[in-house]
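Below: one structure, written as C-alpha cells.
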Amino acid sequence: MNSLVHSFRREARRLLASPWDLAMVTWVPLLAVLLMGWIFSAGIPRHLPVGVLDDDHSALSRQLVRMLNATPGLQVVQHHANTAEAERALRSVEVYAVVTIPRDFARTVKEGRTAQVTLLHNAQLGTHSGVLQRDVRAAVGTLSAGIEMAARNKRGEPAKAVRVSMEPIHTQLLALFNVSTNYEQFLGAALIPALLHILAMTAGAWTVGRELRDRSLGDWLGTEGGLLHTASALLGKLALPWASLTLVALMALAGITWGRGWHPPGNLAWVAVGLALLMAVSVAAGAALAGLTRSLRTALSGAGFFAAPAFAFSGVGFPLAGMPASARAWAEAMPYTHYIRLQIEQLQMGAPLRTSVPTVVALMLATAVLLMAGSAALHLARSKPQSWGGR
C-alpha cells in the first residue's frame with residue numbers, strides 16, 4: 001500500500017511539473033472528443049451537392065429536378081450543359097453525383113415506353129453514395145408511380161386496383177435499431193471510444209516508458225521489494241492517467257446520449273462500466289508493452305500498431321463475418337472489438353444485461369493479466385539497470 005501511494009504522489013508531481021504530459025491525459029483528449037462530436041453533430045447527412053444534366057428541358061424533367069431537390073439527402077447545386085462539364089464537376093468533387101435526364105424523356109414516357117434516368121456517383125465515398133442512391137431512387141420511383149397511376153385512372157381502373165396491379169408483391173422493411181440511421185448514434189458513438197483507446201494505450205506506454213528512458217526506474221520502484229511491491233507501484237502510477245481518461249470518456253458518453261436527448265433502450269451504467277474497463281485494459285496494455293520491450297520508442301510504436309486499427313477490425317465499418325479467418329482472429333484479440341459489441345448491445349439494441357456480462361468479465365481478466373505481465377517485466381528490469389536508457 002505504501003508503494004502504491006508513493007507512486008501515485010510521484011506521478012501527480014510529475015504531471016503537474018510537465019504541462020504537456022498533463023495535457024495529453026486531460027484537455028487534449030477532451031478537445032479531441034468535442035471535435036469528434038462536432039463532426040457528427042448533424043446526425044444524418046443532408047443536402048449533399050449534386051448536379052443535373054437535363055438534355056430534355058421539358059416540364060416533366062423540370063418536375064423531376066424539383067422532386068430531387070425536395071429530398072432531404074441531396075441538393076441540386078449545378079445544372080450542366082454537357083457530359084464533359086458534368087465529368088469535371090465530379091472529378092473536382094464540386095458535386096458528389098450527377099443525375100442525367102436523356103433527350104426525349106417526356107415524349108418517351110407519354111408514348112408508354114420506359115425512360116431511363118442515370119445516376120453517376122462516386123461509389124468510393126460509400127456513405128455519400130448510399131444516401132444519394134436512396135434519395136434519387138425515391139424521387140424517380142415516386143414520379144414514375146404517379147405517372148403510371150394517373151394513366152391507369154384515365155383508363156377507368158380504380159385507384160385500389162391500380163396499387164395492387166402495380167405492386168402485387170410488397171416488401172415491408174422494418175428497421176429494428178437506429179431507425180433514423182443517425183450517424184452520430186452509431187458511428188460517432190463508436191469512434192469516440194476508439195480514439196480514447198488509442199490515447200489511453202499511448203498514455204500507459206509513455207508513463208512507464210519514460211522511466212526507462214530517463215533511467216529513473218530505480219528511483220520509482222526502489223531497490224527492494226517483491227513482485228507485489230512492483231505491482232502496487234505500477235497501479236499507483238497508472239491510476240491518474242486512467243482516472244483522467246475515464247472521466248473524459250464518461251463525459252463523452254453522457255454528452256452523446258443524454259446531452260443529445262437520446263435515451264438508449266439498454267443499460268447506460270453497464271456501458272459506462274465497460275468504457276472504464278476499456279480505458280483500464282488500454283493503459284495496462286501500454287504499460288506492459290513498455291515493460292516488456294524496455295524501450296519507450298518501441299512501446300509507443302507498438303501502442304499505435306495495436307490500437308490505431310482497432311476500429312477497422314471491430315465489425316462496425318466492415319462485418320466480422322465477411323473477414324478472413326486470420327483477420328477475424330486478430331479482431332477478436334482486440335479489447336475494443338468486445339467493448340463496442342457491448343456498447344451496441346446496450347445503446348442500440350436494448351439487449352438483456354446478461355448478454356453483456358461476459359464482455360465485462362473478459363475486460364476485467366484482460367486488465368489483470370496485462371497488469372501482472374507489466375509488473376513481472378518491470379520487476380525483472382529493475383535488477384538490470386544496464387538495460388535502461390533505451391530510446
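Annotations
Quick grid of which residues meet (1) closer than 17 Å to Ile198 by Cα; (2) part of a helix (DSSP H, G or I); (3) touching a Cys at 6+ places or on another chain (Cβ under 8 Å); (4) open to solvent by 20 Å² or more (accessible area, probe 1.4 Å):
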site: Gly304; (1), (2), (3), (4): yes, yes, no, yes
site: Phe311; (1), (2), (3), (4): yes, no, no, yes
site: Gly315; (1), (2), (3), (4): no, no, no, yes
site: His338; (1), (2), (3), (4): yes, yes, no, yes
site: Thr355; (1), (2), (3), (4): no, yes, no, yes
site: Ala362; (1), (2), (3), (4): no, yes, no, yes
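- The one condition in (1) open to solvent by 50 Å² or more (accessible area, probe 1.4 Å); (2) assigned to a strand (DSSP E or B); (3) not acidic (Asp, Glu) that Ala123 fails to fulfil: (2)
- For the stretch 246-257, the candidate set comprises residues that are open to solvent by 60 Å² or more (accessible area, probe 1.4 Å) and within 19 Å of the chain's Cα centre (by Cα); within that set, the residue that is nearest to Ile340 (Cα to Cα) is Leu250.
- Residue within the stretch 90-97 that is part of a loop (DSSP other than H, G, I, E, B), more than 35 Å from the chain's Cα centre (by Cα) and not assigned by the TED database to the domain that holds Gly255 present: no
- Qualifying residue in the stretch 279-300 (condition: under 15 Å from Leu191 (Cα atoms) and in the same structural domain as Trp27 (by the TED database)): yes
- Residues satisfying the stated conditions in the stretch 12-35, i.e. open to solvent by 40 Å² or more (accessible area, probe 1.4 Å) and in contact (Cβ under 8 Å) with a residue 12 or more places away in the chain: Met24, Thr26, Leu30
- So Ser144, is it over 29 Å from the mean Cα position of the chain (by Cα), open to solvent by less than 50 Å² (accessible area, probe 1.4 Å), over 30 Å from Gly317 (Cβ atoms) and not hydrophobic (A, V, I, L, M, F, W, C): no
- Test result for Val208, touching a strand residue (DSSP E or B) at 6+ places or on another chain (Cβ under 9 Å) and modelled with pLDDT of 85 or more: no
- Every residue from the stretch 66-112 that is closer than 23 Å to Ile44 by Cα and among the aromatic types (Phe, Trp, Tyr): Tyr96
- Taking the criterion of being under 22 Å from Leu15 (Cα atoms), at pLDDT below 90 and either touching a Ser or Thr at 6+ places or on another chain (Cβ under 6 Å) or in a helix (DSSP H, G or I) (or both), the residues of the stretch 214-267 that qualify are Leu217, Gly218, Asp219, Trp220, Leu221.
- Within the stretch 364-384, the set of residues being modelled with pLDDT of 95 or more, of a type outside the set (Gly, Ala, Ser) and crowded, with 18+ Cβ neighbours inside 10 Å comprises Thr367, Leu370, Leu371.
- Any hit, the stretch 312-333, residues being modelled with pLDDT of 90 or more, within 21 Å of the chain's Cα centre (by Cα) and within 30 Å of Leu217 (Cα to Cα): no
- Within the stretch 27-42, the presence of a residue that is over 30 Å from the mean Cα position of the chain (by Cα), assigned to a loop (DSSP other than H, G, I, E, B) and among the aliphatic types (A, V, I, L, M) is excluded.
- Scanning the stretch 25-40 for residues that are within 15 Å of Ala239 (Cα to Cα) and either among the hydrophobic types (A, V, I, L, M, F, W, C) or not assigned by the TED database to the domain that holds Ser232 (or both) yields one hit, Val25.
- Residue pairs whose Cβ atoms lie under 6 Å apart, separated by 6 or more positions or on different chains, with the first residue in the stretch 121-146 and closer than 25 Å to Phe186 by Cα and in the same structural domain as Pro72 (by the TED database) and the second part of a loop (DSSP other than H, G, I, E, B) and not aromatic (Phe, Trp, Tyr), are Ser129/Ala123; Val131/Pro45; Val131/Gly73; Asp135/Thr71; Asp135/Gly73.
- Selection status of Leu195, under 22 Å from the mean Cα position of the chain (by Cα) and either assigned to a helix (DSSP H, G or I) or crowded, with 24+ Cβ neighbours inside 10 Å (or both): yes
- Residue list for the stretch 72-86, filter: open to solvent by less than 20 Å² (accessible area, probe 1.4 Å) and either at pLDDT below 90 or in a helix (DSSP H, G or I) (or both): Gly73, Leu74, Ala86
- The stretch 97-111, residues that are among the aliphatic types (A, V, I, L, M) and surrounded by fewer than 21 Cβ atoms within 10 Å (Cβ to Cβ): Ala106, Val109
- Test result for Glu111, acidic (Asp, Glu), over 19 Å from Ser144 (Cβ atoms) and free of Cβ contacts under 8 Å to residues at least 40 places away in the same chain: no
The values are calculated or read from the model by the stated rules, or taken from the named source; none is laboratory data. Fair warning: this is a prediction, and the values are worked out from it, not measured in the lab. Cβ sites come from the backbone with ideal geometry, for glycine too, and all protein chains shown count toward neighbours. Quick note on the areas: whole protein, heavy atoms, side chains included, nothing else; ligands and nucleic acids left out. Shrake-Rupley method; radii C 1.70, N 1.55, O 1.52, S 1.80 Å.
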